[in-house]
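Let me begin by presenting the structure, written as structure tokens, before commenting on it.
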Amino acid sequence: MEIKFRFKFLKEGSSKYLSHLDVISVMTRALRRAGIALKYTEGFNQRPKLSFGPPVPLGIESRAEYCDITVVEDMTDEEFASRANESLIGGIRISAVKQFSGRPASLMSIIDIIDYSIYIGSSYPGREKSLEIIDSACSIVDFKGSIHDTGAGKKSKDGKFWVIKLSGFAGTSENMGMKVFRPVQFVEKFKEIVLYYGLDIERVVKEEAYSLKEGEKLTPFEVL
Amino acid sequence: MDKKIRSLQYGELEKLLEGIERPGRYVGNEAGISSKGPGWLADMGRGVLVCLAFPDIYEVGMPNLGLQILYDIINGYPCFSAERAYAPWIDFEERLRRTKTALFSLENRIFLDSFDLIGFSLQHELLYTNTLNMLDIGGIEVISGKRGPDAPLVCAGGPAVVNPGPMSRFMDFMVVGDGEEIIIELLKLLQKHKYGDGNKGAFLKDIAKLDGVYVPSEYRFFFYNDGKIKKIEPPLKVKKAVIKDLDSFRIVTRPVIPGIKTVHDRYEVEIMRGCPRGCRFCQAGYIYRPVRKRKAEKLVEQSIEGLANTGYEEISFLSLSASDYSELDSLLKGILEEMKGKNLSISLPSLRLDSFSIGIAELINQGRRPGLTFAPEAGSQRMRDIIKKNITERQIMECIDIAFGSGWEKIKLYFMIGLPGEKEEDILEIAELIKRIAWRARKAMPRSKLKRFYINVSINVFIPKPFTPFQWTAQDAPERFEEKIHLILKNISARYINISWSNPDISRIECALSRGDIRMGKAIEDAWKKGARFDNWNELFNRDAWIDSFKINKIPVEFFTSRKYDTGEILPWDIVDIGIKKRIFLAGYNKALELINIDSQIK
Ligand code: SF4
């Protein structure tokens, strides 16, 4: 018996310092600790069948990492998530699971757009100034054409931060002639701009990943 | 002795890590952490807080089993808590120093100077400078005599302190032998003094009586004008701490599992301690005696538990010589039986050439196949006899046939150069043996695999080490080593043979440090002050720092390296009773000299 799951997980706190390769082994070991029977690839170098979406760069937190997995035992979505979560290390947590069948295109190949939140350590600087800052961010030459959309900034729930949302093109969009958005380099440059206004970037979070279908943004779950 | 525990906030750590290479080294987000949490720290009762420190980077230090064992034992007690600290890489050291942030432990990010006790695991002498560096970054005075009453106690254990001389300047005490039992005795006494008289001196006096504990301040060394030791006061030897029955301690079934990749990412299980072979150059072969083995039945049961707890896909059975573990067959079969269908691979890092049987090859073959490593050490039979590496070329070749006939494609070979009595022919024989092994392996392999065939050869420089029959012998000069290495390289050209060798300059320092006495301490300190650290990293080795430091301290390096020690002289490590009489080492030494002489008479 084989079941395929697509799951979404968080990579928060200090787990943001794990590289993608580290995450693969952390995830594999956690699932083995949870006693979940994984399907392995055939052949000489047998690896469990895990296939990830485009990973968040090292040093950035994420609320939207995706992975497909095949298990060889019967279990529900909830059971899979709760068993895995009991074994995972701090900061990494499965937040949603969906069973699927057939052979959909790989996560790596379908994700076109990624949303990021940038938390700026200050209260909202006022509409005019915030538009000015966002404007200068979007006009940084190196990133022209790689940012697809930015919402206006708004206050974080706890009121401590001013949050800017950015949508950037993921690796797959290269095929469509778009430039790929590199958040780490962007944050470095953007930091200079906000510093000029006496502000600082406190946190960057990958919020969601989307596939573009006929102009519509679909999450990896919605695609299934 | 009660003091406030200071620690680093997570937010501060995030700022410190900006732009730092491999930040995962410093965050401690690992599965299997068993130290006590913030609640315990805030209200310790009669608690004792220990930092287990490993003076190398995280990736190298994490797989060290000794540290994991002590961590597991200490944290099993409700009143003790052990955290870990590793050496920061140079970029992070620079960041810590620039921001005036003290080095901290991984678990609760406690600054080193807030611990009650810091225990270093010293696996080799080239970690001495890193040890001082960690103390210094941790905000602790490096010289023990200058540390105040509030400073943590600092100690060390491991093979690089079986000769406690060189580190005596810095350590309040050192532990020789097995740590499992003694660590708890020490912590109980520390607890008594911490919450009693608060007197570190009284604590040290107390522990000096225990087997395995060397307290440098209790001893005085006197020297002759020629630099040799005249006497040691008091003339009492420190007896090595030994645990009788390994099985009285379960293996670590809940180790800390690194988040980032380390040098050995696998579940490690010790099956046997000590080695019965007694190769004459090998320190490990003597200092870990007597040979004690764990029962296979228990090992299987506990390993299965450990694999379930960790999720590891590879298990490594550690010992100095797996071939001498009598129940190897039932151990391997037992594990494979239990783990059927769960994708486990097994590695046996210390398997010897002469006992690599078809049976074992097949058993290991069922999982994924890690590389094979074999250590013939010398090329010629004559040389192997002198060093007592009891293995014949025929045995080597039979194993090569089996391994390469049953699917292996790669092998790593270890050789040593600069051994006593060595001649040019012996060096040439190394090259010849490598070539013969390559030829034989290629013949035994299926043709389809030939493309993937690969031999890694590692050539080490011989270092006479304390507590071996060769402890008295002289080390070759670095120039001689260069010539010998070139001779081997000149004679091997195959593209599938990759040769690496140790840096003779570094090995010379290692030799001086391992055969040094208390006077070496000042030289270590000065070399460190001049920038020496990570001495075993070729690209960071600071030769000038060491040369200058030896010069200003008037220490002739030759005295501890190229000099043949007198069999009658008092050796710096005579202060330790390692459990083997000096006359046994002497007999081995004389036997080797005899073999060297017989040979030159024939010629
Ligand atoms: S070299 Fe290996 S076999 Fe020889 S004594 Fe040392 S550990 Fe034992």
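For the stretch A:1-101, applying the loop criterion from DSSP together with a ceiling of 10 other beta carbons within 10 Å to the chymotrypsin sites (Phe, Trp or Tyr not before Pro) yields A:Phe44.
Placing +1 on each Lys and Arg Cβ and -1 on each Asp and Glu Cβ, with no other charges, gives the stretch A:3-109 a dipole about its Cα centre of roughly 180 debye. For the segment A:12-23, counting C-beta atoms of other chains within 10 Å of every residue's C-beta and taking the mean gives 5.
Close amide-amide hydrogen proximity is noted between B:Leu122 and B:Gly157, B:Gly158, B:Ala160, each under 5 Å apart and 5 or more residues distant or on a separate chain (H modeled in the peptide plane; Pro and chain starts excluded). Applying the Karplus relation 6.51 cos²θ - 1.76 cosθ + 1.60 with θ = phi - 60° to the stretch A:93-106 yields 3J(HN,Hα) values of 8, 7, 10, 7, 9, 9, 6, 8, 10, x, 10, x, 4, 5 Hz, where x marks Gly and Pro. Measuring spread by the Cα atoms of the stretch A:24-99 yields a radius of gyration and Dmax of 12.6, 36 Å.
Within the straight-line cut-off of under 17 Å between alpha carbons, the lysines reachable from B:Lys261 are A:Lys16, sequence neighbours fewer than 8 places apart in one chain being disregarded.
Would you calculate a helix-derived [θ] at 222 nm for chain B, using -39,500 (n - 2.57) for each DSSP H run of n ≥ 4 and dividing by the full residue count, to the nearest 500?
Computed mean residue ellipticity for chain B: -10500 deg cm²/dmol.
Counted by neighbouring Cβ atoms within 10 Å, the residues B:His193, B:His486 run from fewest to most as B:His486, B:His193. Inter-chain neighbour count for B:335-345: the average number of beta-carbon atoms from partner chains within 10 Å of each residue's beta-carbon is 1. Which lysines, if any, have their Cα less than 21 Å from the Cα of B:Lys530, not counting same-chain residues under 8 positions apart? Filter leaves B:Lys100, B:Lys146, B:Lys522, B:Lys551, B:Lys554. Counting only Cβ charges, +1 for Lys and Arg and -1 for Asp and Glu, the dipole size of the stretch B:266-368 around its Cα centre is about 440 debye. For the stretch B:266-368, what percent of Cα pairs sit more than 25 Å apart? Percent of Cα pairs beyond 25 Å in the stretch B:266-368: 19. 3J(HN,Hα) along the stretch B:391-405: 8, 9, 4, 4, 4, 4, 5, 4, 5, 4, 4, 5, 4, 6, x Hz, from the Karplus curve 6.51 cos²θ - 1.76 cosθ + 1.60 with θ = phi - 60°, whole Hz, x for Gly and Pro. Fewest-first ordering of B:Ile364, B:Ile143 by other beta carbons within 10 Å of each residue's beta carbon gives B:Ile143, B:Ile364. Towards the positive end of the charge dipole of the stretch B:10-219, with charges on Cβ (+1 Lys, Arg; -1 Asp, Glu), say which of B:Leu106, B:Ser168, B:Gly145 has the farthest Cα. Positive-end residue among those listed: B:Gly145.
What's the exposure ranking of A:Lys129, B:Lys240, going from fewest to most Cβ atoms within 10 Å?
Ascending number of Cβ neighbours within 10 Å: A:Lys129, B:Lys240.
Projecting the Cα positions of B:Ile386, B:Ile207, B:Ser345 onto the charge dipole of chain B (unit charges on Cβ atoms of Lys, Arg, Asp and Glu, taken about the Cα centre) puts B:Ile386 furthest along the positive direction.
For B:Lys36, the lysines whose Cα falls under 21 Å of its own Cα, not counting residues fewer than eight places away in the same chain, are B:Lys3, B:Lys4, B:Lys188, B:Lys192, B:Lys194. Students often get this wrong, so check it: of B:Lys228/B:Lys465; B:Lys490/B:Lys591; A:Lys8/A:Lys165; B:Lys244/B:Lys465; B:Lys465/B:Lys581; B:Lys293/B:Lys412, which have C-alpha atoms separated by over 24 Å? With Cα atoms farther than 24 Å apart: B:Lys490/B:Lys591; B:Lys244/B:Lys465; B:Lys293/B:Lys412.
Placing +1 on the Cβ of every Lys and Arg and -1 on the Cβ of every Asp and Glu, with nothing else charged, gives the stretch B:126-256 a dipole about its Cα centre of roughly 280 debye.
P(r) tail for the protein assembly as shown, what percent of Cα pairs lie past 54 Å?
18 percent
Shielding value for B:302-311 is 2, the average number of Cβ atoms from other chains within 10 Å of each residue's Cβ.
Among the cysteines of chain B, those whose beta-carbon sits 4.7 Å or more from every other cysteine beta-carbon are B:Cys51, B:Cys79, B:Cys155, B:Cys275, B:Cys399, B:Cys511. Between A:Ser62 and A:Lys11, A:Glu12, A:Lys206, the built amide H atoms are under 5 Å apart, and every one of these is 5 or more places off in sequence or on another chain. Across the options B:Gly521, B:Ala361, B:Pro23, the greatest Cα extent toward the positive end of the charge dipole of chain B (unit charges at beta carbon of Lys, Arg, Asp, Glu) belongs to B:Ala361.
Every number here is computed from the coordinates shown, using simple stated rules; none is lab data. These numbers come from a predicted model, not from an experiment. Every residue, glycine as well, gets a Cβ built from its backbone with ideal geometry; the counts of neighbours run over all protein chains shown.
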